[in-house]
Amino acid sequence: MIRRSILLGTGSALPERIVTNAELAQTVDTSDEWIVERTGIRTRHIAGEGETTATLATDAAKAALDAAGIVAQDIDLIILATATPDQTFPAAATKVQAALGINDCVAFDVAAVCSGFLYAVTVADSMIRSGAANRAIVIGSETFSRILDWEDRTTCVLFGDGAGAIILGAEESEEGHRGILASKLHADGRHNQLLYVDGGPSTTQTVGKLRMKGQEVFRHAVTNLASVLNEVMAQAGLPAGDIDWLVPHQANARILDATARKLKLSADRVVMTVDRHANTSAASVPLALDLAVRDGRIKAGDLVVLEAMGGGFTWGACVLRV
Ligand code: UT7
């Protein structure tokens with residue numbers, strides 16, 4: 001018998017307020033033309049008063065539970081990927097747990113910035129396969145708008161807020177043909193200073209603002225994403241040509257195009273949400289996944305690859321038969 005983590009449901013949540021490029025151009029020296037041409041971004045959602053990483057995560061988790069047709073009490077593990085928790089501690093995952101009315105389960109946050117969801121899925125999958133958990137909510141949720149320097153045009157136009165969640169459940173079968181087939185994670189801390197926040201509890205005692213050397217991150221992103229995708233497909237024993245849908249981290253439409261070209265993958269097999277959501281860090285992959293499941297593109301039996309790269313650097317990919 002093979003024990004695997006299978007996908008039971010997906011959900012997402014976005015703040016109410018939508019901000020256009022034209023609105024940003026009123027406060028920083030930028031233009032709709034520059035942002036669209038260099039990034040593909042047209043709009044982003046920005047959290048308002050009362051909307052936090054934990055509230056968005058809770059809404060996404062509830063939608064995923066509904067889609068899976070299971071009740072919160074069936075959950076024994078919550079992993080929340082975020083770089084923008086409501087507070088330094090307690091973990092935002094425990095706030096979601098309390099909001100869902102679950103009195104006892106394992107709940108913790110994972111910090112791997114834009115790759116956080118891939119890290120969280122990989123940990124949840126390991127715990128499910130080992131028997132340490134049976135039903136997990138895995139969430140990516142962020143409010144990057146709260147750590148942006150709104151006077152820095154090179155970063156403030158790139159990010160948005162939101163949350164996405166999936167429910168993973170254990171299944172034992174003879175063939176184990178569906179569920180998470182392979183995953184691969186990487187980190188290379190030599191690149192800490194290319195994408196970071198210039199504050200923190202143990203250094204400045206402030207939250208800090210996001211800083212990025214965009215061009216250098218771009219270069220590494222294309223190389224790392226293409227290589228980890230090949231690596232994870234080899235681990236799954238499947239050719240890249242078998243991929244039905246690539247659901248990548250949404251940082252820049254040009255990164256998605258360049259990665260697809262490098263992998264000889266048709267652009268219409270790549271789920272793209274960066275135009276509407278901008279870069280939502282750890283939330284971007286589950287948000288895009290939920291969108292493509294709900295609009296009927298991703299169907300039962302499809303081979304889906306999730307992948308992301310972000311601050312650290314960290315990067316990773318996961319192969320999933322839906
Ligand atoms: O999520 C984690 C991973 N993050 C990423 O993957 C982000 C990767 N990087 C990128 O997506 C791109 O590098 C950016 C979108 C951040 C920047 O695009 P670029 O084509 O690499 O532009 P650049 O940084 O080389 O800047 C080109 C010019 C500069 O002006 P000069 O020096 O040529 O006069 C910038 O000052 O564009 C200028 N610029 C802007 N102009 C108008 C930078 N930001 C803006 C802006 N509006 N918002």
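The values are calculated or read from the model by the stated rules, or taken from the named source; none is laboratory data. None of the values given here were measured: they were computed from a predicted structure. Positions of Cβ are backbone-derived with ideal geometry, glycine not excepted, and every protein chain shown enters the neighbour counts. Accessible surface is based on the protein model in full, side chains and every heavy atom, while ligands, DNA and RNA are left aside. Shrake-Rupley method; radii C 1.70, N 1.55, O 1.52, S 1.80 Å.
Looking at Ile35, Ile2, just one residue is at pLDDT below 95 and either in the same structural domain as Arg129 (by TED's automatic domain parsing) or among the β-branched types (Val, Ile, Thr) (or both), and that residue is Ile2.
Conditions (1) open to solvent by 20 Å² or more (accessible area, probe 1.4 Å); (2) within 16 Å of the ligand (Cβ to nearest atom); (3) assigned to a helix (DSSP H, G or I), marked per residue:
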site	(1), (2), (3)
Gly241	yes, no, yes
Ile255	no, yes, yes
Thr259	no, yes, yes
Ala282	no, yes, yes
Leu287	no, yes, yes
Asp290	no, no, yes
Gly296	yes, no, no
Val319	no, no, no
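Contact map, the range 254-281: first residue without any contact (Cβ under 8 Å) to a residue 12 or more places away in the chain, second residue part of a helix (DSSP H, G or I) and open to solvent by less than 20 Å² (accessible area, probe 1.4 Å), Cβ cut-off under 7 Å, separation 6 or more or different chains; pairs are Ala267/Ala260. Just one of the listed residues (Ile70, Ile41, Ile35, Ile79) is among the β-branched types (Val, Ile, Thr), within 12 Å of Ile137 (Cβ to Cβ) and open to solvent by less than 10 Å² (accessible area, probe 1.4 Å), and it is Ile79. Give Ala187, Ala221 a once-over and let me know the one that is outside the structural domain of Thr30 (by TED's automatic domain parsing), out of contact with any helix residue (DSSP H, G or I) (no Cβ under 7 Å at 6 or more places or on another chain) and either among the small types (Gly, Ala, Ser) or crowded, with 18+ Cβ neighbours inside 10 Å (or both). When all the criteria are applied, what remains is Ala187.
Scanning the range 194-219 for residues that are within 14 Å of the ligand (Cβ to nearest atom) and either in a loop (DSSP other than H, G, I, E, B) or not aromatic (Phe, Trp, Tyr) (or both) yields a count of 12.
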